[in-house]
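Chemist: What follows is a single structure, and I will ask about it in a moment.
The values are calculated or read from the model by the stated rules, or taken from the named source; none is laboratory data. Computed from a predicted model, the values in this text were never measured in an experiment. Positions of Cβ are backbone-derived with ideal geometry, glycine not excepted, and every protein chain shown enters the neighbour counts. Areas reflect the complete protein model, heavy atoms only, side chains present, ligands, DNA and RNA absent. Shrake-Rupley method; radii C 1.70, N 1.55, O 1.52, S 1.80 Å.
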Amino acid sequence: MDETPKNIVILTGAGISAESGIDTFRDAGGLWEQHRVEDVATPEGFAANPDLVQRFYDARRAAVQTVEPNGAHEALARLDRAWKGELLIVTQNVDDLHERAGAKRVLHMHGELLSALCARCETRHRWSAPLFDRPPCHGCGEQALRPDVVWFGEMPYAMDRIYAALRAADLFASIGTSGAVYPAAGFVRDARELGARTIELNLERSEGSHWFDEARHGPAGQLVPHWVDELLAGADQA
Ligand code: APR
């Protein structure tokens, strides 16, 4: 079978942004050691203590504006620019580092820190400022803006688009994710069943490593540029 892939789906997680200085969730000292998920990442937590939740995301929204994309983000942007086939970067991350590195074909399945969602009129607004002081929605004027981030118990965004990309993919890569959270953690199995080759690039074995045809372990900033070079070299020869 021709080993050169045509259509690629790349799933990224917090590990791809770790070398940019953004905390992951489940590594030692990660966000879920600093905060209880149910307090800051659920609709119930937001209803119970909106200020706590707004301040949690305000701090992350401010922090993401002080860091830069790393070599892994830049390599994926290079791949996105050069790849002639279909390519979709499905990110679980809510930072904008893929875009700031220049990637265009990016889908945020868990939302974005730099977007505010009005709980009243459901409009979205690019947002870089705090929300804890309850600014009015630019659409309806109500003080009903929340982080445009998918909380536990809420549906991730654009799942139909993700599954359409998985159906067309002949290569699925997972970068910097623990494989702890569904539906993202199940994409590798969907991709396999649909006939794609699968590769994991992660600092260490993830919960789903055994589902992958190939696994490379190390920092994304080292693994991803090499992997992109291999892909582009293979495509040039095809
Ligand atoms: N390079 C590559 N991988 C790394 C690096 C690095 N420099 N540093 C950490 N990792 C790996 C860790 O080994 C781990 O497997 O990244 C993964 C991070 O896992 P999590 O912290 O669980 O983050 P993620 O998989 O993105 O979490 C998924 O859970 O809480 C929800 O919505 C949140 O989107 C998030 C989802």
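Chemist: Expressed as a whole percentage, what fraction of the accessible surface of the chain belongs to carbon and sulfur atoms when a 1.4 Å probe is rolled over the protein heavy atoms?
Modeler: Answer for the chain is 51 percent, counting heavy atoms of protein chains only.
Chemist: Distance from the Cα centre of the range 191-238 to that of the range 1-27, in angstrom?
Modeler: Their Cα centres are 9 Å away from one another.
Chemist: So how strong a dipole does the range 110-154 carry about its Cα centre when Lys and Arg Cβ are +1 and Asp and Glu Cβ are -1, to the nearest 20 debye?
Modeler: Approximately 80 debye in magnitude.
Chemist: Can I ask one more? Of all beta bridges DSSP finds with both residues in the chain, what is the antiparallel percent, to the nearest 5?
Modeler: Of all bridge pairs located within the chain, approximately 25 percent are antiparallel.
Chemist: How large is ³J(HN,Hα), in whole Hz, for each residue of the range 77-86 in order, when computed from phi with the Karplus curve 6.51 cos²θ - 1.76 cosθ + 1.60 and θ = phi - 60°, using x for Gly and Pro?
Modeler: 5, 5, 5, 4, 5, 8, 6, 7, x, 6
Chemist: So, one more: What number does the chain give for Rg over Rh if you use C-alpha atoms and the Kirkwood radius?
Modeler: Value, to two decimals: 0.98.
Chemist: So what are the ³J(HN,Hα) numbers for the range 155-172, from phi and the Karplus equation (6.51, -1.76, 1.60; θ = phi - 60°), rounded to whole Hz, Gly and Pro as x?
Modeler: Rounded to whole hertz, the list is 6, x, 7, 6, 5, 5, 5, 5, 5, 5, 5, 5, 5, 8, 7, 10, 9, 10.
Chemist: While we're on this one: Give, rounded to the nearest 20 debye, the magnitude of the charge dipole that the chain has about its Cα centre when Lys and Arg contribute +1 at Cβ and Asp and Glu contribute -1 at Cβ.
Modeler: 480
Chemist: Using the alpha-carbon atoms, what tilt in degrees (0 to 90, nearest 10) does helix 50-64 show relative to the longest principal axis of the chain?
Modeler: The angle comes out at about 40 degrees.
Chemist: Restricting to DSSP loop positions (anything but H, G, I, E, B) with no more than 15 other Cβ atoms inside 10 Å of their own Cβ, which trypsin sites (Lys or Arg not before Pro) remain in the range 128-234?
Modeler: For trypsin sites (Lys or Arg not before Pro) across the range 128-234 that sit outside H, G, I, E and B with at most 15 neighbouring Cβ atoms in 10 Å, the list reads R205.
Chemist: While we're looking at this one, here's another question. Can you give the FRET efficiency for R81 and H35, using 1/(1 + (r/R0)^6), R0 = 35 Å, r = Cβ-Cβ distance, to the nearest 0.05?
Modeler: About 0.45, to the nearest 0.05.
Chemist: May I pose another question? On average over all directions, what projected area in square nanometres does the range 152-238 have, based on the convex hull of its Cα atoms?
Modeler: Hull-based average projected area comes out at 6.4 nm².
Chemist: Search the structure for amide H atoms under 5 Å from the amide H of S115, placed 1.01 Å from N in the peptide plane, and list their residues when 5 or more places away or on another chain.
Modeler: Close amide H contacts, sequence-distant or interchain: W127, D148.
Chemist: Starting from the amide H of R197, placed 1.01 Å from N in the peptide plane, find each other amide H under 5 Å away whose residue is 5 or more places distant or on another chain.
Modeler: For R197, whose amide H was placed from the backbone, the distant partners under 5 Å are L171, F172.
Chemist: Additional query: Once phi is turned into θ = phi - 60°, what whole-Hz ³J(HN,Hα) does the Karplus curve with 6.51, -1.76 and 1.60 give for every residue of the range 137-154, x standing for Gly and Pro?
Modeler: 5, 5, x, 10, x, 6, 8, 10, 7, 10, x, 8, 10, 7, 8, 4, x, 9
Chemist: Give me the angle, in degrees from 0 to 90, between the Cα long axis of helix 220-237 and the longest principal axis of the Cα atoms of the chain, rounded to the nearest 10.
Modeler: Tilt relative to the chain: about 50 degrees.
Chemist: Ignoring ligands, DNA and RNA, what accessible area per residue does the range 35-156 give at 1.4 Å, in Å²?
Modeler: Per residue, the range 35-156 has 46 Å² of solvent-accessible surface.
Chemist: In whole Å and largest first, what semi-axes does the C-alpha gyration tensor of the range 138-194 yield when each eigenvalue is scaled by 5 and square-rooted?
Modeler: So the three semi-axes of the range 138-194 are 30, 14, 9 Å.
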